[in-house]
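Notes for the one structure printed next.
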Amino acid sequence: MRILLRGVRPIGGNKTDVLIEKGVIKGISPGIRVDSDRVFDLDGAVLLPSLVDLHSHTRQPGGDEQETVESFSRAAVHGGVTSAVSMPNTSPVVDNPAIVSWLINEFRRVGLVDVLPAAAITVGQQGKELTEMAELKKAGAVAVTEDGRSVRDSRLMRYALEYARTVGLPVFLHSEDERLSDGGAMNEGRTSLELGLKGIPGISETVGILRDLEIAAYVGARIHVCHISLARSVSIVSQYKKQFPGLVSCETAPHYMLFSDRDVAGYSTNFKMNPPLRDDSDRKALVKAVKRRDVDCIATDHAPHTEWDKELEFSMAPFGIVGIETWLSSLVHYFVNAGILGWDDIVELCCDNPRRILGLPLVRIEEGAPADVVVVDPESEWEVSPGSLFSKSKNSPFLGKRLAGKVLLTIKSGRVVYSD
Ligand code: DOR
Ligand code: ZN
Ligand code: ZN
């Protein structure tokens with residue numbers, strides 16, 4: 001299979017042709033003339049490494065009404081993603097090697113994206129008994145996490161971090177003091193008072209992170225702090241990074257950089273997620289922290305929920321929004337096209353650093369590199385609507401919006417897995 005990309009702009013370079021053959025980038029130069037099975041005229045669109053999502057809820061196994069292996073795969077490649085870490089808060093919970101193998105095989109069968117399973121820290125995510133991390137790693141788990149909740153018992157958390165360190169698995173942290181969250185539905189502040197909704201205070205996140213960082217530093221575990229939503233959390237993580245090099249990495253998600261608790265004012269549950277959207281000063285601080293790389297990556301926390309669940313009143317509806325399909329477009333539309341972030345920022349935050357954190361080889365746009373790439377048109381717009389999303393769930397805060405930065409082509413191991 002030979003694929004010719006005509007007139008693409010590799011990141012940081014000029015318009016050229018790119019030839020892909022046998023899974024690798026075979027040639028890069030203007031005016032390549034060879035017989036190819038597929039030729040794409042791309043007219044100046046940008047070519048970058050494919051994206052790796054460190055945080056996705058595939059809902060598999062068990063959540064077929066929200067997402068299937070097939071619908072998740074199609075959504076991912078529509079977003080320019082070729083590998084995604086899947087969260088274990090499923091039914092059943094991903095807490096044993098058989099489920100890890102099943103996940104990997106099912107995604108292979110569909111053949112569009114690689115799933116990188118994160119397994120649970122405790123059996124059934126019940127917070128009582130540690131999972132067999134060594135076995136989980138052998139089966140292909142890339143991390144352990146209790147995402148969806150936190151490990152409440154600090155003593156168990158210590159043993160979990162020690163075990164994960166021993167077997168060499170990073171721990172992805174949903175750090176939250178659930179007693180402080182106390183059934184809240186949105187950020188605690190002026191807006192929650194005005195709207196009459198119970199708040200989740202910022203200290204629920206920072207206290208959770210502080211505890212987890214202290215224990216991880218004590219036992220020397222490798223941790224990755226998920227979905228940072230607050231400026232305070234960034235300062236805390238940065239302090240530990242300085243004191244304990246190599247201890248911790250962290251992520252935020254596009255929604256924390258784009259929306260604030262004011263967006264909850266219409267009571268739309270597509271602005272309800274955990275951690276919640278914070279106030280505008282936190283939002284702005286996060287954009288700066290991303291730019292400075294005090295935040296290492298942007299991940300999606302793609303969390304599909306059915307329409308009937310999300311139609312419940314705000315306080316009752318489940319937390320979570322879909323995001324894997326709007327990930328790249330939203331960043332291009334609101335940040336790259338506005339001159340706030342550069343393409344090199346996008347590549348580091350969404351492609352390189354996620355690969356580094358997982359220990360995967362980086363993808364460079366150069367001859368001989370693996371052809372895991374995406375082509376995105378920074379000008380061309382698409383409308384986010386139930387019909388334009390491949391995910392089985394449509395709970396997106398971008399519904400009705402037009403986003404530039406349309407993905408034209410996603411190529412994985414030299415195969416076209418999505419084309420517009
Ligand atoms: O917004 C969220 N959605 N936060 C979580 O902690 C869980 C996730 C989900 O599984 O829907
Ligand atoms: Zn979480
Ligand atoms: Zn999550």
Quiz item: So between ASP344 and SER388, what do we pick up on full extension, going 0.36 nm a residue minus the alpha carbon distance?
Solution: 13.1 nm
Quiz item: Can you pull the Kirkwood radius for the stretch 284-329, inverse mean 1/r over Cα pairs, to one decimal in Å?
Solution: 12.7 Å
Quiz item: Which GluC sites (Glu not before Pro) from the stretch 1-109 combine a DSSP loop assignment with at most 12 other Cβ atoms within 10 Å?
Solution: none
Quiz item: So what's the Cα pair-distance distribution over the stretch 60-156, bin width 10 Å, in %?
Solution: 18, 48, 28, 7, 0
Quiz item: Over the stretch 140-268, what per residue volume does the convex hull of the Cα atoms give, in whole Å³?
Solution: 112 Å³
Practice problem: Give me the lysines in straight-line cross-link reach of LYS137: C-alpha distance below 22 Å, same-chain residues under 8 apart excluded. | Solution: LYS128
Exercise. Enumerate the whole-percent occupancy of each 10 Å bin, from 0 to the last occupied one, for all C-alpha pair distances of the stretch 1-67.
Key: 19, 38, 16, 20, 7
Exercise. Under 15 Å Cα to Cα from LYS310, which aspartates and glutamates show up? Leave out anything in the same chain fewer than 8 places away.
Key: GLU65, GLU67
Quiz item: Using a simple spin-label model with points 7 Å from Cα along the Cα→Cβ vector, what separation in nm is obtained for TYR267 and SER315?
Solution: 1.1 nm
Exercise. Among the GluC sites (Glu not before Pro) in the stretch 234-334, which ones are in a DSSP loop with at most 15 other Cβ atoms within 10 Å of the Cβ? Mind listing them?
Key: GLU311, GLU313
Practice problem: For the stretch 290-420, count the residues as N, evaluate 2.2 N^0.38 Å, and divide the Cα radius of gyration by that value, please. | Solution: 1.15
Quiz item: How many percent of Cα pairs in the stretch 27-117 exceed 18 Å?
Solution: 51 percent
Practice problem: In square nanometres and to one decimal, what's the mean projected area of the convex hull around the Cα atoms of the stretch 253-315? | Solution: 4.4 nm²
Quiz prompt | 10 Å binning of all Cα-Cα separations within the stretch 202-279, expressed as whole percents from 0 upward | solution = 18, 47, 24, 10, 1
Practice problem: For LYS15, list the lysines whose Cα falls under 21 Å from its own Cα; do not include residues on the same chain fewer than 8 positions away. | Solution: LYS26, LYS406
Quiz item: Over its Cα atoms, what ratio of radius of gyration to 2.2 N^0.38 Å does the stretch 207-342 give?
Solution: 1.11
Quiz item: Residue by residue through the stretch 231-238, which ³J(HN,Hα) values in whole Hz follow from phi under the Karplus form 6.51 cos²θ - 1.76 cosθ + 1.60 (θ = phi - 60°), with glycine and proline marked x?
Solution: 4, 4, 4, 4, 4, 5, 4, 4
Quiz item: For the chain, what is the calculated [θ] at 222 nm in deg cm²/dmol (nearest 500), taking -39500 (n - 2.57) for each run of four or more DSSP H residues and dividing by its residue count?
Solution: -8500 deg cm²/dmol
Quiz item: Quick one: if the Förster radius is 30 Å, what FRET efficiency do ARG155 and GLN239 give, using the C-beta to C-beta distance and rounding to 0.05?
Solution: 0.75
Practice problem: Can you tell me the alpha carbon radius of gyration of the stretch 361-420 divided by the globular rule-of-thumb value 2.2 N^0.38 Å? | Solution: 1.36
Quiz item: For the chain, how big is Rg over Rh, using alpha carbon atoms and the Kirkwood form of Rh?
Solution: 0.96
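Only the coordinates and a few stated rules stand behind these numbers; no lab work does. Everything quoted here is computed from the prediction, not taken from an experiment. Using ideal geometry, Cβ is built from the backbone for each residue, glycine included, and neighbour counts are taken over all protein chains shown.
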